[in-house]
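S.K.: Would you mind keeping the following structure in view while I ask a few things?
Please treat every number below as a calculation from the coordinates, not as lab data. Just so it is clear, the structure is predicted and the values come from calculations on it, not from any experiment. A quick note on method: Cβ atoms are made from the backbone with ideal geometry, for glycine too, and the neighbour counts reach across all protein chains shown.
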Amino acid sequence: MSESPNFSPTAGTYRREGGSAARRARRKLSCTGNAVQPGMHSGSYKPLSERDIQRIHDTALDILTKIGIGDPLPEILHYALPKGCILGEDNRLRFPRSLIEDLIAISAKQYMLYAPDPRNDFEVGGERVYFTSAGEAVSILDYDTQKFRPTKLVDLYDAARLADQLEHIHSFGQPFIAADYSHDLYIHDINIAYAELAGTSKSFALGIAMVAHIEPIIALFDTYLGEEGAFLKRPFCTFGGCPIVSPLRFGKENAEVLVKVAELGLVGDIAVAPQAGATAPAALAGTLAQSFAETLACMAVVNLVKPGSAINFGMWPFISDLRTGAFTGGSGEEALIMAAAAQLCNHYGFITSVASGMTDAKTMDAQAGYEKAITTTAAALAGGNLISTYPGIVGSLLGQSFEGMVIDNDMLGNIQRLVRGIEVTDETLSFSVIEDTVFGSGHYLNHPQTLKLMQSEYVYPDIGDRRTTGDWQDNGQETIYQLAHDKVKSLLSGYYPEYIKPDTDSRIREHFPIKLELEDMQVGNGRW
């Protein structure tokens, strides 16, 4: 049967009451709220013991004290040396143990993540969990050809307006580069900022190639807001990168961004990603110790620049397939070590940023499904605050699928339901409901409690197929990949939000080299 039936205990048969339209109307009237929402509390999965955490902590501080971080920038030394850090003859910066512990104590433990639309603002920190996109992939998996092609600027705009409509992607992190402008990094960075601003009202993040690009991008945002200095009052975009080159060296360009962001009073958004067996020890505990030390160094830098600064503590330990040395994002080891990173960071109250969903599958198939699900579930149950779930990513971070974004949005809704858990109260234990039903109709399908809880207790997939096998066979035997492709076309064919008003857009285009054409930002452009 294709729809939920009602059972008649007296007749011993199933019967329908009022048809599907009537049932939908009853559900709408009985809605008490959504079963899941952004920022639910988590942290129940704890792969590390308290002693494990203490030993990792001690080893990480030994690394910072005795080995240090190589290639410190003059900008970092300017703030670090007066506070007791030591620059050795080997050009490695060593941090006193007591200084790191003091900076852990003063580092901000929460902040407000603003969005262009204040309705999408949310508070980050504590035990709250949010899902974001991420990536900076270099190619798009074309659905029709099943071939990978280089990314384009207009793809980023399309991805932003797609994510704008996917309720379980709470914040939009740049999923791929604009390869058509990668030859000019300034034009690239200005245009990815514009494309994301034009495509979504959610908070968003940018990977910035050079520190010199930050102030022009802020000026673009001020032009959008209509007031110089307005963005810094309510920053709806975070700037980030990878300030550490593992093992244990600062990376010049991204470290410069880290310092500049701290000087401006903005949130530092970082990813420290040593790869076990390649740029970190093959032993998972050793990778945790090294990556914790490297991320602590970044936390120390921003708090030496501006005490009490907020940083997305992006401890992202990655895994190698030791048979080849290649990165593997969908392994059980990746799920485990990223969950351990979340638990470790939560122990200190850091604003935890971890990654998941980084499948090694080349298309949205069963392998992608199980790899994305296990890594994201582990990260969410461990309590990562900002989980970069890489919705739609395939090919070990190298490719992006629009259909995958839609499929993963369904997955994220279900994982949030795991995060929420089960509320056990006198009301939910339902003794009186059971008593009424046993001595009454004999079934719960039409009970007032069932109607009341249909939306507030249960999550329903957007494209996950719950039809009967008969209905499926009679309607083309579509896979979830096909259903997702249809959904992408439906969502993108007519959704061109005007987040930047025409007169504001004209001013932006007058002062900045915007390459996203207006005809690509309106219905009828032929792309979808």
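S.K.: Set the Förster distance to 30 Å, then compute FRET efficiency between Leu429 and Glu167 from the Cβ-Cβ distance, nearest 0.05.
M.R.: Numbers: r = 30 Å, r/R0 = 1.00.
That pair, Leu429 with Glu167, gives E of 0.50.
S.K.: Related question: What is the angle, in °, between the Cα long axis of helix 214-225 and the longest principal axis of the Cα atoms in the chain? Nearest 10 is fine, range 0 to 90.
M.R.: Long axis of 214-225 versus the principal axis of the chain: about 40 degrees.
S.K.: Before anything else, pin down the relative contact order of the range 406-528: Cα pairs under 8 Å, at least 6 apart, normalised by residue count, whole percent.
M.R.: Details: 43 pairs, mean separation 36.5, N = 123.
Normalised by residue count, the contact order of the range 406-528 is 30 percent.
S.K.: If you don't mind, there's one more thing I want to ask. Select one label from (i) 25; (ii) 18; (iii) 22: the one whose number is percent of Cα pairs over 45 Å apart as derived from the coordinates shown.
M.R.: Comparing each candidate, only (ii) matches the computed number.
S.K.: Would you work out if the range 393-484 is rounded, prolate or oblate? Take a ≥ b ≥ c from the square roots of the eigenvalues of the alpha-carbon gyration tensor; rounded if a/c is under 1.5, else prolate when a/b is larger than b/c, oblate otherwise. Provide the component values of the computation, followed by the final result.
M.R.: Details: a/c = 4.67, a/b = 1.79, b/c = 2.61.
Oblate, since a/c reaches 1.5 and b/c is not below a/b.
S.K.: Oh, and also: Between Asp180 and Asp436, with labels modelled 7 Å along Cα→Cβ, what's the label distance in nm to one decimal, could you check?
M.R.: Between Asp180 and Asp436, the simple spin-label model gives 6.0 nm.
S.K.: When only C-alpha pairs under 8 Å and at least 6 residues apart count, what is the relative contact order of the chain, in percent?
M.R.: On the way: 1054 pairs, mean separation 106.0, N = 528.
Normalised by residue count, the contact order of the chain is 20 percent.
S.K.: How much net charge surrounds Ala163 when only the other residues with a Cβ under 12 Å from the Cβ of Ala163 are counted, with Lys and Arg +1 and Asp and Glu -1?
M.R.: On the way: positive: Arg161, Lys202; negative: Asp158, Asp164, Glu167, Glu196, Asp408.
Charge balance in the 12 Å sphere: -3.
S.K.: Return the FRET efficiency for the residue pair Thr468, Ala282: r is the Cβ-Cβ distance, R0 is 51 Å, and the value is rounded to the nearest 0.05. Write out the running numbers ahead of the final one.
M.R.: Values: r = 49 Å, r/R0 = 0.95.
Efficiency, rounded to the nearest 0.05: 0.55.
S.K.: Now a separate question. Please rank Ile106, Ile140, fewest neighbouring Cβ atoms within 10 Å first, as an exposure proxy. Walk me through the numbers before you get to the answer.
M.R.: Details: Ile106 11, Ile140 23.
In order of increasing Cβ crowding within 10 Å: Ile106, Ile140.
S.K.: So what is the calculated 222 nm ellipticity per residue for the chain, using -39500 (n - 2.57) for each DSSP H run with n of 4 or more, over all residues, to the nearest 500 deg cm²/dmol? Don't skip to the end; give the middle numbers.
M.R.: Values: 19 runs with 218 residues, N = 528.
Computed ellipticity for the chain at 222 nm equals -12500 deg cm²/dmol.
S.K.: Let me ask another. In the range 422-528, which GluC sites (Glu not before Pro) are in a loop and have at most 15 other Cβ atoms within 10 Å, using DSSP for the loop call?
M.R.: Details: sites: Glu423, Glu427, Glu435, Glu457, Glu478, Glu498, Glu510, Glu517, Glu519; in loops: Glu423, Glu457, Glu478, Glu498, Glu517.
Answer by residue number: Glu423, Glu478, Glu498, Glu517.
S.K.: Another question, if that's okay. Under the 0.36 nm per residue contour assumption, what length would be gained going from the current alpha-carbon distance of Asp321 and Arg149 to full extension?
M.R.: On the way: separation 172, 0.36 × 172 = 61.92 nm, distance 2.58 nm.
In short, 59.3 nm is gained.
S.K.: If you don't mind, there's one more thing I want to ask. Nearest 10 degrees, 0 to 90: what angle lies between the long axis of helix 480-493 and the longest principal axis of the chain (Cα atoms)?
M.R.: That works out to roughly 80 degrees.
S.K.: Also: Quick one: Arg55, Arg119, fewest Cβ neighbours within 10 Å first, how do they rank?
M.R.: On the way: Arg55 15, Arg119 8.
In increasing order of surrounding Cβ atoms, one gets Arg119, Arg55.
S.K.: Give a quick list of GluC sites (Glu not before Pro) in the range 49-92 that DSSP marks as loop, anything other than H, G, I, E or B, with at most 14 other Cβ atoms within 10 Å. Intermediate values should be presented prior to the final figure.
M.R.: Working: sites: Glu50, Glu75, Glu89; in loops: Glu89.
Sparse-neighbourhood loop GluC sites (Glu not before Pro): Glu89.
S.K.: Then there's this: So in the chain, what percent of DSSP beta bridges are antiparallel if you round to the nearest 5?
M.R.: Details: 22 of 51 bridges.
Restricted to the chain, the bridges split so that about 45 percent are antiparallel.
S.K.: Next question. What do you get for the angle between helix 50-62 and the principal long axis of the chain? Use alpha-carbon atoms, 0 to 90 degrees, nearest ten.
M.R.: 30
S.K.: Please arrange Tyr495, Tyr130 by counting, for each residue, the other beta carbons lying within 10 Å of its beta carbon, fewest first. Let's see the in-between values first.
M.R.: Details: Tyr495 15, Tyr130 23.
Sorted ascending by nearby Cβ count, the order is Tyr495, Tyr130.
S.K.: Could you list the residues of the range 129-167 with an amide nitrogen less than 14 Å from a label point located 7 Å from the Cα of Trp528 in the Cα-to-C-beta direction?
M.R.: 154-167
S.K.: For each pair in Lys202/Lys233; Lys83/Lys306; Lys152/Lys515, compute the distance between the two Cα atoms and list the pairs where it is over 20 Å.
M.R.: Working: Lys202/Lys233 17 Å; Lys83/Lys306 13 Å; Lys152/Lys515 11 Å.
Violating the 20 Å limit, Cα to Cα: no pairs.
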